[in-house]
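Novice: Please see the structure below; I have some questions.
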């Protein structure tokens with residue numbers, strides 16, 4: 001289901017004094033009511049985006065595609081008759097950028113691809129920190145508050161999940177990526193502009209996130225919902241597998257450091273009864289949770305972008321280990 005009013009925001013308008021206030025209002029509304037928005041004119045060179053896309057798709061064809069087909073055949077997934085609930089139809093690998101990089105250690109990457117992904121990560125890190133400060137401005141928090149909140153003893157965690165969603169013969173029975181919220185901070189997604197599939201849950205309906213060339217999709221993670229005392233929403237989303245086309249997805253997660261302590265900003269706790277909504281925790285050693293307004297349990301802890309979701313086994317994990 002497509003929705004024409006999905007928030008698409010030009011960051012270039014922030015430089016225009018006549019359009020800045022209305023643009024900031026759009027960002028605020030998107031964070032409060034959607035948990036997602038799409039940015040254009042974001043400052044990342046389109047030539048870099050085109051190169052990232054080209055090399056990512058070449059890498060899948062060269063190093064990942066055959067392994068994925070072998071996994072599908074070994075599991076009998078091309079002929080399933082019943083819904084599959086313990087597997088995601090995706091092929092993935094992970095890159096870590098902060099606090100230290102693993103790009104030089106990831107196997108099967110061409111040197112040009114490593115170099116380009118390092119450059120891309122640098123651009124995304126700058127964009128993530130710019131967006132965090134825009135959120136601070138809208139929330140009435142001091143500049144740098146969210147970035148500082150994410151800094152543990154070694155700074156934030158920042159990493160990228162590179163995914164391909166190949167054509168699926170039974171998309172009604174296997175999800176590309178099952179419904180979930182993101183446990184981290186702010187997520188920046190560079191997605192395929194030809195093959196759709198990403199959906200978010202809004203007002204009880206699944207809404208398509210429109211694929212647009214050279215845009216970056218932004219979504220709010222659980223930790224920002226905690227810090228903002230629920231003003232900004234981390235929402236359920238999923239990826240629907242498609243019968244045609246191979247969807248590219250490059251999701252970068254700017255998350256709190258492993259020992260960062262996450263709790264609501266004092267300036268955003270207006271009433272005494274709100275203080276217990278997201279209880280203050282010491283640095284995390286095990287997954288904590290809070291109960292959201294809809295009664296569901298939600299993550300209240302930094303999860304490394306490299307850790308699988310609980311009770312999840314997926315095609316990506318099998319491929320990444322090969």
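All of the numbers you see were taken from the coordinates with simple rules; none came from a lab. Because the structure is predicted, anything quoted here is derived from the model rather than measured. Methodologically, a virtual Cβ is constructed for each residue, glycine included, from the backbone with ideal geometry; neighbour enumeration extends over all protein chains shown.
Novice: Quick one: work out Rg over Rh on the C-alpha atoms of the stretch 9-141, Rh as Kirkwood radius.
Specialist: 1.08
Novice: Here's another thing I want to ask about it. To make sure I understand, if each residue's beta carbon is the centre and we count other beta carbons within 10 Å, what order do 203, 41, 133, 182 fall in, fewest to most?
Specialist: Arranged by neighbour count, lowest to highest, 203, 41, 133, 182 become 203, 41, 133, 182.
Novice: Which value does Rg/Rh take for the stretch 147-256 over its C-alpha atoms, Rh per Kirkwood?
Specialist: A ratio of 1.00.
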